[in-house]
Every structure is written in C-alpha cells, then in structure tokens.
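All remarks here apply to the structure that follows.
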Amino acid sequence: MRAARAVSHVAAPLLLGVLGLAAWEWLVLAADLKPYLLPSPTAIGAELVASGRLVLDDTLSTGWNVLVGLVAGAVAGVVVALAAARSRLLDGVVSPLAAAAAVMPIVALAPVLNNMFGSTTEVSRQIIVSVVAFAPVFFNTLKGLRQVRPVHRDLMRAYAASGWQVARTVTLPGAVPYVFTGLRLASAVAVIAAVVAEYFGGRQNGLGSAITSAAAASAYPRAWAYVVGAIVLGLVFYCVTLLLERLVARRMGGAVA
C-alpha cells in the first residue's frame, strides 16, 4: 500500500508535467508562435543540451549566493526570534523592521548595495537574499516559540528546571516545525531574490545576468533554458529543506521515544 501510494505521488506530477509540455508544444506549433513570444519545449530542450555547461555554471553561481544568503538570513531570523520571544520590547522594535524588510523592493535595494560593495563581489546579492530570507524565518520561529502551553511551562518550573532546560526540552522542540515552515518559504523566495538581484549590475554571472544577456541577443530559447535552471535550483533548495525537516523530525521523535 505504501509503495503504491509513493508511486502515485511521483507518477501524478510527472504525468501532469508531460501533458503540460505536450500542450505547450502543440500550442506553439498550432498558433505558429514566434520564439520571442514563446519558444517551444523542444527548442528550449535543444538549447539546454547545446548550452548545458553554461547553464550549469550560472546555476551554480546563483546557487552559491542563495546558499550563503539563506543560511545567514535563517540563522539571524532564529537568533533574533529567540531574543524577541523573551522581550516584548525587543519584539515591538524588531517585528515592524522585519515586516518592512519583507516588502522592500529588490529593484530599489540592489543598485544601492552594488554601489556600496562594488561590481566585482557577490556580497550585495548575498545580502539581498539574507534580507529576504530573514522575515519568514523570524516570524514563523517567533510564532513557534509562543505556542508552548502554559501548563507545560508550569510543569517544568514545578520540577525546578532552569530557563535553559525549559527552552531545550519544551520551547525549542515545539518551535522546530515552525522554523522549517519559515525555511521552506525562505528557500523559495531566496532563489527569486538572487535571480532578480543579478539583473541590476554586478558581476556578469548567474542566472539573472544570463537571462538578460540572452534576451538582449534575441536568443529566446537560451533565455528560457536559463529559466529552467532557475526552476530546478528552486526545487533543489525546497527539496533539501524538506529532507532536512524530515530528518530532524525523525531524530527528535527517536529522542523523545
């Protein structure tokens, strides 16, 4: 039964994807759409084969910026949430700032940071990713830290547990699912932020710069090939986050047992 369910979970999305690509190919051929409007999947696939090395290099470059920025933003989000959960005053100060960072336009932030750190470094792009990733991790972690039932906290105090023992055995384990919810959200927006940031100056590497250059040269199938690279990169980060969540949940379940 489990094997059949696992197969169905994999087969259904694959079948939907194949049908979607077939419909896309048919639409381009039937409507005689020009490549600048919408290239066909076969043309994009051929470009992926021809320029696979270039797509891979730019995907790895963007992926490194996403990884650095995501880790920095997630760590900062968890640490600041831990502090805000213990101080209402700090929460009142940080939460509005985090909300402002969440809605800050990347198109406005990227040129400023590029001028600050120069066009020969990736620091500005990594900072943009970390700023974007901070908010979902912070708010979800803070919510998780406040989900502890008072009866559980009172029970630990009755056993004369210290503040660290309460946090280690009750507060932090209860917040872990919320932390990973924030990480899943952050992993998706982090890739988008990195690609968009690459449009606005800096080193001419990464998927955003490659998409811009290919479109400017009217190489539309190649531009879409880089878009495919961005999609794959986003899926990789999301799946890795999901895998980490399951591993941590399994380990915590075994420790509790």
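The values are calculated or read from the model by the stated rules, or taken from the named source; none is laboratory data. No experiment lies behind these values; they were computed from the predicted model shown. Every residue, glycine among them, receives a Cβ derived from its backbone with ideal geometry; neighbour counts consider all protein chains shown. Keep in mind that these areas ignore ligands, DNA and RNA; they rest on the heavy atoms of the full protein, side chains included. Shrake-Rupley method; radii C 1.70, N 1.55, O 1.52, S 1.80 Å.
At least 1 residues that are in contact (Cβ under 8 Å) with a residue 60 or more places away in the chain and of a type outside the set (S, T, N, Q) in each: list the helices (runs of 4 or more DSSP H) lying fully within segment 15-102 that qualify.
So the answer is 41-50, 52-86.
Just a yes or no: is a residue in segment 123-136 more than 23 Å from residue 227 (Cβ to Cβ), at pLDDT 80 or above and aromatic (Phe, Trp, Tyr)?
The answer is yes, given that some residue of segment 123-136 is more than 23 Å from residue 227 (Cβ to Cβ), at pLDDT 80 or above and aromatic (Phe, Trp, Tyr).
So residue 188 fits all but one of (1) in a helix (DSSP H, G or I); (2) under 27 Å from residue 119 (Cβ atoms); what number is the exception?
Result: residue 188 passes all but (2).
Considering only segment 81-99, how many residues are over 19 Å from residue 187 (Cα atoms) and out of contact with any helix residue (DSSP H, G or I) (no Cβ under 6 Å at 6 or more places or on another chain)?
The number of residues fulfilling the criteria is 10.
Check residue 28 against each of (1) surrounded by 18 or more Cβ atoms within 10 Å (Cβ to Cβ); (2) modelled with pLDDT of 90 or more; (3) β-branched (Val, Ile, Thr) and name the one condition it does not meet.
Only one criterion is unmet by residue 28, namely (2).
Quick check, is residue 128 of a type in the set (Val, Ile, Thr) and open to solvent by 30 Å² or more (accessible area, probe 1.4 Å)?
It is false that residue 128 is of a type in the set (Val, Ile, Thr) and open to solvent by 30 Å² or more (accessible area, probe 1.4 Å).
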